[in-house]
Amino acid sequence: MKPLTHLQKLEAEAIFILREVAATCEKPVLLYSIGKDSAVLLHLAMKAFAPGKLPFPLLHVDTGWKFREMIEFRDATAKRLGLDLLVHINPEGLAQGIGPQSHGSAVHTDVMKTQGLKQALDKFGFDAAFGGARRDEEKSRAKERVFSLRTPDHRWDPKAQRPEPWALFNTRKAKGESFRVFPLSNWTEADVWDYIAQENIPVVPLYFAKPRPVVVRNGALILRDDERFTLLPGETIETRMVRFRTLGCYPLTGAVESEAATLPGILAEMRASRVSERQGRIIDADGASSMEKKKQEGYF
Amino acid sequence: MRTAALQRQPETGFGPAVAPVPAPASKSLLRFITCGSVDDGKSTLLGRLLWETHSVFEDQAEALANDSRRFGTTGDTPDLALLVDGLAAEREQGITIDVAYRYFGTANRAFIAADTPGHEQYTRNMATGASTADCAVILIDARKGLLAQTRRHSCIVSMIGVRDVIIAINKMDLVGYDEATFRRIEADYRALIPGLGFTTVHFVPLSAREGDNVAKASAMMPWYSGPSLLTLLETIETSTGEDAKFRLPIQWVNRPNAEFRGFSGTIASGEICPGDSIVALPSGRTSRIARILTPSGDAQSAGAGAAVTLTLADEIDISRGDVLVASGQATRRVTARLLALSETAVVPGKPYLIKLGTAVTGARLIALHHAIDVHDYTERPAAELAMNALGLATLHIETPIYATRYADCRTLGSLLLIDPLTNEAVALGTVEHTAADAGDKKTVQARAGATAFGRIALAAGLIVPGASRDEVMHRISWRIASALLFAGLALAVTGSVTIALGAGFADLVLRPALRVLHDRLWQLGLATRHRPVPPALGIDGGGI
């Protein structure tokens, strides 16, 4: 028997985690954020339970500010695979017209993402939520467990994390507590792309370079996805060959200039890259412990 | 942002040149831990490895520059430890609290490094990091030599079954790159090795801060001709010494429709092909493999580490927590090394839950044989195991489960003890032996073709799976004594030897048969009354 390769080991580990949750939690859900990590997570989940259907629904916490191509891709994916897709958008936030431009990235992220997520989890009574986060993304994530226990208020206590020896996940929890579960914990950005290429997994076309209308703001290249994005005096829209390394709310996600219009192009570019993918994320930048704080408050 | 130490080797800094990366299909994976005492420089060493393998991105280097100015301990030089100390409390206190996992790679290998804490109060986190490691890098500060923590960590690394160890003697720059210091520490450590069961032990003199012998040979230590740490990590071949028997703990029963009934799990050891016969434990029912579904579709074979779904030739009852094996038997008693994880001590007699493989059931310590002094590795009597203490204990398990010696199969030889009231894991453990090992030939073998007598005897309660030989003999002699008494009474009442012998024989044979029938009827009755409870919930608590 040939020893498993690096990617086969990561694949088997993720499938093990997915099955462990389905077998021991009452009402799991897969947090589907439409990006490449979610695409890989969904693909692994389909494999874990094949030939059966997914034993849990997908949940997308929308903010109203996602790229239009993301929403189209989400709906097409759900239809193609026959998935049970739930979409939640914070109704109060929507009524108040919360947006990244009018209220700033911190308020927008807190109300539409963190609060929206908590509302959705409470509304449906989910006790375990899969996320596509990886430990190589950010320093505080490097310390998070595969099974991250959250209080009934969804808070994370980094100092009271459970020991996680071998693959003996302690899936017991008190009433009201829940888990965030990260099957891709040990994957890197390179692993994700290698796996997408190996398995031919469809991803949102925004990951591939093409001429797009962008505005340069605070050094970031922002794609003007709709009319709500107002230009400041002196700003102009120019067409540049760009792609995205991560996807989120379009006014908060910077594009990178790139010629990589195909998967091999992306793989080559990524191996040569000297900038981490989260650089395009405007919400990580406020303070060294920004992500850790958001996570404590209940952000994914 | 490149200063002093980093400028010394400009070719390893951020340049356009990137190490060529082969097709990922051929790449192997090595998981290792770095451990050592406080301030031995573990985080710095890992930061250095990330730096030297071009795994630090420009924006992270910028953040590092900012953090170094705020929290750094290295003056104007970037503090590489800050690359890995992720929590705010860690950066402020300059210590590592929790296991941090780091990812980097070279042309041939991908690495997952667990940076584990040195402080004694976080020993459990160190054990966690070691549990998935193929290899351990134990740091020793050249100025301090062997410390209590060095012995402790070596002991835990050994208990967790890591067999390949690299002793990194760090901070050589602070002892003037002195060979005598290195040799003395090497000799001291070699004196410790017997009893730890390591297969290979390498010694590397290095300076994580200056980069000597981390990624390339040091000009400062011409007396050392061995490989650098990175070269060692790239080339080391590790082995766990596990056996090759087929074992599959069942995680999930996949039943999408009436035609398909699959059993999903990750193969713990060995290999399987369609047509192979298997035994499901603890039930002992047998069947043959019909199909093997892997993540890449139907396969003609699958081996250890593969996440599979199997279908069987016969409809037999299997649920989560069961184990499919080529041969073997379930047990209700294991003797295991334990490491206490929680503030609450582990005490004999207290009801716990044991998680072993995918099985969860009740368990208690029936004997705490001794605690192990991790400083001189001696055994001494103990009434309980306080946090971070190591000991050897025998566990009684409520319902029979399949377990192996940890040395034979890590997945089915490792366990977690959980307090059912707080849901806290109180101990992790590695199985030294099971009652099934001890009574291998003497108790009923739940293997393919177990005898009808065996099954009746089992059902009649004469033989309990996993019971020791003494327990079985005890039950049988009691059965005979009861029959003799019954025959004696019959003789006294009737005066007929024939009737007495007949009555005695009937009692000996028919009573167990009646018990089987009686139990069956009760089971049927219970099944009708409690039908809504799925078996998985009964075993696992359903995650409640």
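Rounded to the nearest Hz, the phi-derived 3J(HN,Hα) couplings of region B:275-292 under the Karplus curve 6.51 cos²θ - 1.76 cosθ + 1.60 (θ = phi - 60°) are x, 5, 8, 9, 10, 8, 10, x, 5, x, 6, 10, 6, 10, 6, 9, 10, 10, where x marks glycine and proline. Anisotropy class assigned to region B:153-290 is prolate, per the alpha carbon gyration tensor with a/c at or over the 1.5 cut-off and a/b larger than b/c. Note that chain A shows a convex hull volume over its alpha carbon atoms of 142 Å³ per residue. Rg over Rh for region B:247-325 works out to 0.91, both radii taken from alpha-carbon positions and Rh defined as the Kirkwood radius. Coupling constants for region A:9-25 follow from the phi torsions by the Karplus curve (6.51 cos²θ - 1.76 cosθ + 1.60, θ = phi - 60°), and in residue order they are 5, 5, 4, 5, 4, 5, 5, 4, 5, 4, 5, 4, 5, 4, 7, 10, 9 Hz; glycine and proline get x. Scanning residues 5 or more positions from residue A:128 or on other chains, those with amide H under 5 Å from its amide H are A:27, A:29, A:179, with H placed 1.01 Å from N in the peptide plane. In region A:4-31, the residues whose accessible area drops by at least 30 square angstrom when the other protein chains are added to the isolated chain are A:4, A:5, A:6, A:9, A:12, A:16, A:19, A:20, A:23, A:24, A:26; the probe is 1.4 Å and only protein heavy atoms count. Shown for region B:331-434: the carbon plus sulfur share of the solvent-accessible area, taken with all protein chains present and a 1.4 angstrom probe, equals 53%. By DSSP, the beta bridges lying fully in chain A are antiparallel in about 60 percent of cases. Cα gyration tensor of region B:328-368, axes a ≥ b ≥ c as square roots of the eigenvalues: rounded (a/c below 1.5), prolate (a/b > b/c) or oblate? It comes out prolate by the Cα gyration axes. Summed over both chains, the area buried between B and A is near 6100 Å², taken from the accessible surface of protein heavy atoms with a 1.4 Å probe.
Once you've got the Cα coordinates, tell me which of B:42/B:144; A:123/A:175; A:66/A:118; A:36/A:159; A:2/B:27 are over 23 Å apart. Checking Cα-Cα distances, A:36/A:159 exceed 23 Å.
In a DSSP loop and with at most 15 other Cβ atoms within 10 Å, there are no chymotrypsin sites (Phe, Trp or Tyr not before Pro) in region A:194-254.
Taking amide H as placed 1.01 Å from N in the peptide plane, the amide H of residue A:240 sits under 5 Å from that of A:212, A:214, each at least 5 places away or on another chain.
Sequence-ordered 3J(HN,Hα) estimates for region A:209-222 from the Karplus curve with 6.51, -1.76 and 1.60 and θ = phi - 60° stand at 5, 6, x, 9, x, 10, 10, 8, 9, 6, x, 9, 8, 9 Hz, glycine and proline given as x.
Largest GNM mean-square fluctuation across A:211, A:165, A:28, computed for chain A with C-alpha springs under 10 Å, falls on A:165. Modelled spin labels at residue B:53 and residue B:377, positioned 7 Å past Cα toward Cβ, are 3.0 nm from each other.
Residue separation of residue A:68 and residue A:197 scaled by 0.36 nm, minus their Cα-Cα distance, works out to 44.0 nm of gained length.
Taking a point 7 Å from the Cα of residue A:88 along the Cα-to-Cβ direction, the residues of region A:153-176 with backbone N closer than 14 Å to it are A:153-155. How would you classify region A:1-103 from its alpha-carbon gyration tensor, with a ≥ b ≥ c the square roots of the eigenvalues: rounded for a/c under 1.5, else prolate if a/b is greater than b/c, otherwise oblate? Prolate is the answer for region A:1-103, as a/c is 1.5 or above and a/b outweighs b/c. Placing a label point 7 Å from the Cα of residue B:225 along the Cα-to-Cβ direction, the residues of region B:153-183 whose backbone N falls under 18 Å from that point are B:179-180, B:183. Of all the options A:36, A:113, A:47, the one that moves most in a Gaussian network model of chain A with Cα springs shorter than 10 angstrom is A:47.
Springs join every pair of Cα atoms under 10 Å in this Gaussian network model of chain A, and among A:104, A:219, A:82 the largest mean-square fluctuation is at A:219.
The values are calculated or read from the model by the stated rules, or taken from the named source; none is laboratory data. Computed from a predicted model, the values in this text were never measured in an experiment. Here Cβ is always computed from backbone atoms with ideal geometry, including for glycine, and neighbour counts include all displayed protein chains. Note: areas computed on protein heavy atoms with side chains; ligands, DNA, RNA excluded. Shrake-Rupley method; radii C 1.70, N 1.55, O 1.52, S 1.80 Å.
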